[in-house]
Amino acid sequence: MKATFRVLFLLILLTAVRTSAGFASASPAISCPNDTTRVLTRLPLNSSIEKFNSDPEFQYKKDIAPQTDWWGKFWQWVYRLFDRLFSGLNYGNFWQYVFILIIAGTATFVILKLLGINLTALFSRRSADIDLPYETLHEDVRIMDFDKLIADAIDNRNFRLAVRLYYLKTLKELNNRSMITWKPEKTNHNYITELSALHLKEGFQQMTHQFEFVWYGEFDLAENEFNAIRQSFLSFHQQII
């Protein structure tokens, strides 16, 4: 019996010690004063706003797509038509495909005709030495007196024709030295490929481009422009000799 009272006494004693320790360790609450600091509102200057507005780095507006003209709208319609045609499941008829293609082809043909576009030129490869509007085209350049023809062209201030004659004379000089084989059906680019002399190839290619630009582009040369091109031909002829 005494042992039981002893155990109860110890339990009560331990409980009292823990409770008193808890009260001893508890710290009193700290009261904080209200924040009375005045907030200053800062607004950007108008000059700063204008500077940012004019800076391209801060332009976030999306560009407005340009309006499509009637030609672009036509091709958009064609693209949508073909997209529906080949992506849908209800167009399995072969003759339906043919009919749509005929309509699109006819519409394209009519529009190109209205625009005055030469359909033959679109689907044919123009040769550099075929169908040239010059009366000596089909004559043999190997027997032509180019010095006289060039002098006459210069006297008449037909500098465009003189450039063509200088180019034909160049072909004659290369043929006479067996560097190329001249034939009336060959193109200028055939001769560029055929010329194997590396020290002449770049200059000949440059003169070919000059000639084609002046002749086929129907470019009217001023006298100083012609003299510059003429000098390049004369320098090239000196390299051949």
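The values are calculated or read from the model by the stated rules, or taken from the named source; none is laboratory data. No experiment lies behind these values; they were computed from the predicted model shown. For neighbour counting, all protein chains shown are included, and Cβ atoms are generated from backbone atoms with ideal geometry for every residue, glycine included.
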Practice task
Can you run down the residue pairs with Cβ atoms below 9 Å, 6 or more apart or on separate chains, where the first is in the stretch 198-220 and at positive phi and the partner is surrounded by 13 or more Cβ atoms within 10 Å (Cβ to Cβ)?
Solution key: 218/160
Fill in the blank from the handout: Of the residues in the stretch 149-193, those that are at pLDDT below 90 and either not in a helix (DSSP H, G or I) or not assigned by TED's automatic domain parsing to the domain that holds residue 235 (or both) come to 182, 183, 184, 185, 186, 187
Practice task
For the stretch 215-241, name all the residues that are under 15 Å from residue 168 (Cα atoms) and either modelled with pLDDT of 90 or more or among the polar types (S, T, N, Q) (or both).
Solution key: 229, 230, 232, 233, 234, 236, 237
Fill in the blank from the handout: Subset of the stretch 17-59, residues at pLDDT 65 or above, of a type in the set (Ser, Thr, Tyr) and assigned to a loop (DSSP other than H, G, I, E, B), comes to 31, 36, 37, 41
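Here is a check on your reading of the model: is residue 204 part of a helix (DSSP H, G or I) and either in contact with a strand residue (DSSP E or B) (Cβ under 6 Å, 6 or more places away or on another chain) or surrounded by 16 or more Cβ atoms within 10 Å (Cβ to Cβ) (or both)? It would help to see each step written out before you state the result.
Values: part of a helix (DSSP H, G or I): yes; either in contact with a strand residue (DSSP E or B) (Cβ under 6 Å, 6 or more places away or on another chain) or surrounded by 16 or more Cβ atoms within 10 Å (Cβ to Cβ) (or both): yes.
Against the criterion (part of a helix (DSSP H, G or I) and either in contact with a strand residue (DSSP E or B) (Cβ under 6 Å, 6 or more places away or on another chain) or surrounded by 16 or more Cβ atoms within 10 Å (Cβ to Cβ) (or both)), residue 204 qualifies.
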Exercise for the section: Test residue 195 against the criterion of being surrounded by 12 or more Cβ atoms within 10 Å (Cβ to Cβ), within 13 Å of residue 170 (Cβ to Cβ) and in contact with a Lys or Arg (Cβ under 6 Å, 6 or more places away or on another chain), and give yes or no. Expected result: yes
